[in-house]
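K.L.:
Questions regarding the structure given below will be posed in turn.
The values are calculated or read from the model by the stated rules, or taken from the named source; none is laboratory data. Computed from a predicted structure; not experimentally measured. Here the Cβ positions follow ideal geometry from the backbone for every residue, glycine too, while neighbour counts run over all protein chains shown. Please note that ligands, DNA and RNA were not included when accessible areas were found on the heavy atoms of the full protein model with its side chains. Shrake-Rupley method; radii C 1.70, N 1.55, O 1.52, S 1.80 Å.
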Amino acid sequence: MKPCCSILISCRNSSIFGLPFPKCNHSIVNNLSKSQSRLNDFRQFHSFSNKIFGVKSIIESNRMAFCGSDSNWGQSRVLTGCRVDRGSRKCFRVIANVASDIRNYSTSVEANVSDKSFENLFIQGGLSVKPLIIERVERNPDVVKEKKEEIPGVEVNISNVNKDNLTDLSGTKVLNRERAVSDIEKEAWKLLRSTVVNYCGNPVGTIAANDPADKQPVNYDQVFIRDFVPSALAFLLNGEGEIVKNFLLHTLQLQSWEKTVDCHSPGQGLMPASFKVRTVPLDGRDGESEDVLDPDFGESAIGRVAPVDSGLWWIILLRAFGKITGDYSLQERVDVQTGIRLILNLCLTDGFDMFPTLLVTDGSCMIDRRMGIHGHPLEIQALFYSALRCSREMLTVNDATKNLVAAINNRLSALSFHIREYYWVDMKKINEIYRYKTEEYSTDAINKFNIYPDQIPSWLVDWIPETGGYLIGNLQPAHMDFRFFMLGNLWAIISSLGTPEQNEDILNLIEDKWDDLVAHMPLKICFPALEHEEWRIITGSDPKNT
């Protein structure tokens with residue numbers, strides 16, 4: 001099947017090829033989310049099998065429906081998805097036929113979805129275990145009809161599960177995974193849900209901050225890509241994937257919009273730092289309004305810096321969505337595959353830089369103000385490495401992408417060596433730096449970046465433990481930033497950017513220096529803090545990150 005162009009259709013009274021379309025009531029999405037929540041206990045019940053079983057159902061995989069797409073990519077600054085006509089809401093739906101090569105993942109989810117229920121949901125058997133067959137999930141979430149084939153020792157009826165006799169495949173008893181939800185957790189979920197932003201009646205993200213006392217929130221009332229990632233992971237782990245899917249698709253549409261600063265446009269594939277949903281009245285139509293997405297690519301940001309990390313976070317979250325939900329059809333869509341390639345092409349573009357690391361301007365990542373991290377900050381390199389690995393897993397390999405996959409593999413190898421070799425600092429490395437010769441000119445020079453030993457700060461030798469180490473914050477010619485940046489080091493562990501020995505040493509250092517790195521905060525962004533004249537010079541007297 002060849003890919004078909006996206007067709008913008010009004011769902012109120014339009015038709016295509018003589019076939020009328022129903023009103024845009026999102027029945028598929030609603031039933032999916034409802035059925036998913038009803039099966040939440042069932043999924044938790046089978047989590048003990050250590051992913052031996054894969055959930056699989058049947059869906060028409062070549063049809064994707066979502067609200068609010070613009071058929072003219074890269075041209076319009078207004079994305080119309082919902083129109084309000086004197087109290088009634090009129091939605092648009094994009095129907096796209098997508099040719100995809102569905103891979104046979106053991107955890108992949110396909111669904112044969114009717115307007116009322118899941119049909120023929122079954123679990124793929126692992127090893128020699130007979131599959132458990134569920135005919136239908138009824139409207140009543142406490143009632144599940146099943147065939148007589150059951151896993152020995154386990155009652156399938158969710159309401160009557162004997163949780164005291166749960167055993168894994170080897171017969172070992174599994175502890176009851178149920179837990180009481182604390183009042184703090186309930187309050188946290190209440191606060192998180194109060195920040196949800198809706199577009200066309202569907203959730204598309206959470207705002208960055210929700211402080212009623214803040215009279216001028218500036219841009220903290222917007223949905224930031226990087227800020228939404230922890231919220232998205234919480235929703236995914238709670239079985240609520242709809243908001244994450246909507247977020248991924250709508251930010252993907254924003255990727256191709258035109259954006260300029262002083263008549264200059266950045267590279268194609270740039271993801272916005274944030275977006276805001278605005279309701280605007282329609283010209284010449286009394287009482288009618290529409291929802292629009294207003295993205296910020298840096299042209300409105302403080303300091304006018306474009307976000308380097310947004311596209312990397314988007315790829316990482318896309319991979320997490322597939323791994324947690326088992327729904328790999330989203331990442332196999334043609335438009336999503338194109339979005340991945342655009343981000344990678346932007347990151348892998350040849351330039352003047354000689355290093356495999358990404359060259360980054362100050363303030364274009366989580367630390368969004370000037371703080372002396374221009375160059376090659378560790379945080380971006382760790383995210384870059386993780387995004388490359390995720391992309392390699394998700395990209396469909398064909399004649400159009402084989403060169404890109406080869407470039408990813410080459411960059412992963414060079415990047416991991418560069419970070420592990422030159423960013424690592426422990427007592428042994430400090431002694432080596434003390435003995436560095438400078439002004440070495442040759443390809444076999446030991447001091448490749450012309451680092452002067454006098455750069456080693458006085459606090460470092462007494463601070464770093466004998467059994468620990470960490471990855472420094474930045475590396476440039478004649479400059480090593482010895483500050484400890486928490487996100488970069490932790491993400492280096494998560495993505496396996498560091499070696500196993502280095503990862504263990506980072507954790508040893510965090511444990512040994514707990515009072516310095518945690519203290520009264522969850523985790524400090526950076527240690528040590530800039531103070532006095534150093535703060536004034538490096539930050540430009542910007543008090544934001546004091």
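K.L.:
Can you give the accessible area per residue of the stretch 281-411, in Å², using a 1.4 Å probe? Kindly include the intermediate steps, with their values, before the conclusion.
P.N.:
Working: 5210 Å² over 131 residues.
With the other protein chains kept in place, the stretch 281-411 gives 40 Å² per residue.
K.L.:
Between Lys215 and Thr349, what is the FRET efficiency for a Förster distance of 41 Å, r being their Cβ-Cβ separation, to the nearest 0.05? Intermediate values should be presented prior to the final figure.
P.N.:
On the way: r = 42 Å, r/R0 = 1.03.
According to the calculation, E is roughly 0.45.
K.L.:
For a quick check of understanding: with a 1.4 angstrom probe and all protein chains in place, what accessible area in square angstrom does Arg483 have, to the nearest ten?
P.N.:
Counting only protein heavy atoms, the figure is 20 Å².
K.L.:
Of the chymotrypsin sites (Phe, Trp or Tyr not before Pro) in the stretch 344-401, which ones lie in a loop per DSSP and count no more than 10 other C-beta atoms within 10 Å? Display every interim value, and only then the final one.
P.N.:
Numbers: sites: Phe352, Phe384, Tyr385; in loops: Phe352.
When the chymotrypsin sites (Phe, Trp or Tyr not before Pro) of the stretch 344-401 are filtered for loop state and at most 10 Cβ neighbours within 10 Å, Phe352 remain.
K.L.:
Once you put a point 7 Å from the Cα of Cys263 and another 7 Å from the Cα of Lys544, both along the Cβ direction, what distance in nm separates them?
P.N.:
Distance between the two pseudo-spin positions: 2.8 nm.
K.L.:
Rg (Å, one decimal) plus Dmax (Å, integer) for the alpha carbons of the stretch 417-473?
P.N.:
Using the Cα atoms of the stretch 417-473, the pair Rg, Dmax is 11.9, 34 Å.
K.L.:
Now for a separate question. Given the Cα atoms of the stretch 447-530, and with Rh set as the inverse mean 1/r over their pairs in the Kirkwood sense, what is Rg to Rh to two decimals? Walk me through the numbers on the way to the answer.
P.N.:
Numbers: Rg = 13.1 Å, Rh = 13.6 Å.
Using Cα coordinates only, the ratio equals 0.96.
K.L.:
Say a paramagnetic label sat at a point 7 Å from the Cα of Glu466, along Cα to Cβ; which residues of the stretch 410-429 have their backbone N under 14 Å from it?
P.N.:
Taking a point 7 Å out along Cα→Cβ of Glu466, the residues of the stretch 410-429 whose backbone N falls under 14 Å are 427-428.
K.L.:
Here's another thing I want to ask about it. For the stretch 386-431, which whole-number percentage of the solvent-accessible area (1.4 Å probe, protein heavy atoms only) is attributable to carbon and sulfur atoms? Spell out each step's value before the answer.
P.N.:
Numbers: 990 of 2140 Å².
It is 46 percent, rounded to a whole number.
K.L.:
Kindly flag which residue pairs out of Lys190/Lys215; Lys429/Lys524; Lys259/Lys524; Lys402/Lys448 have an alpha-carbon separation exceeding 30 Å in this structure.
P.N.:
Working: Lys190/Lys215 22 Å; Lys429/Lys524 24 Å; Lys259/Lys524 34 Å; Lys402/Lys448 33 Å.
Listed pairs above 30 Å: Lys259/Lys524; Lys402/Lys448.
K.L.:
Taking each pair of different alpha-carbon atoms in the stretch 269-356 once, compute 1/r for the pair, average those values, and report the inverse of that mean as the Kirkwood hydrodynamic radius in Å to one decimal.
P.N.:
By the Kirkwood definition, the hydrodynamic radius is 15.9 Å.
K.L.:
Still on this structure, I have one more. Report Rg/Rh for the stretch 195-338, rounded to two decimals, where Rg is the Cα radius of gyration and Rh the Kirkwood radius.
P.N.:
Values: Rg = 15.8 Å, Rh = 16.2 Å.
For the stretch 195-338, the value is 0.98.
K.L.:
Just to verify a number: FRET efficiency for Ile456 and Ser182, C-beta to C-beta distance, R0 = 41 Å, to 0.05?
P.N.:
On the way: r = 46 Å, r/R0 = 1.12.
The formula returns an efficiency of 0.35 here.
K.L.:
In units of 2.2 N^0.38 Å, what is the alpha-carbon radius of gyration of the stretch 381-429?
P.N.:
Details: Rg = 13.7 Å, N = 49, 2.2 N^0.38 = 9.7 Å.
Its radius of gyration relative to the 2.2 N^0.38 Å reference: 1.42.
K.L.:
Further question on the same structure: With just the Cα atoms defining each centre, how far is the stretch 441-518 from the stretch 353-370? Give it in Å.
P.N.:
One Cα centre to the other: 18 Å.
K.L.:
In whole percent, and with a 1.4 Å probe on the protein chains, what portion of the accessible area of the stretch 240-284 is carbon and sulfur? Walk me through the numbers before you get to the answer.
P.N.:
Details: 940 of 1970 Å².
Roughly 48 percent of what the probe reaches on the stretch 240-284 is carbon or sulfur.
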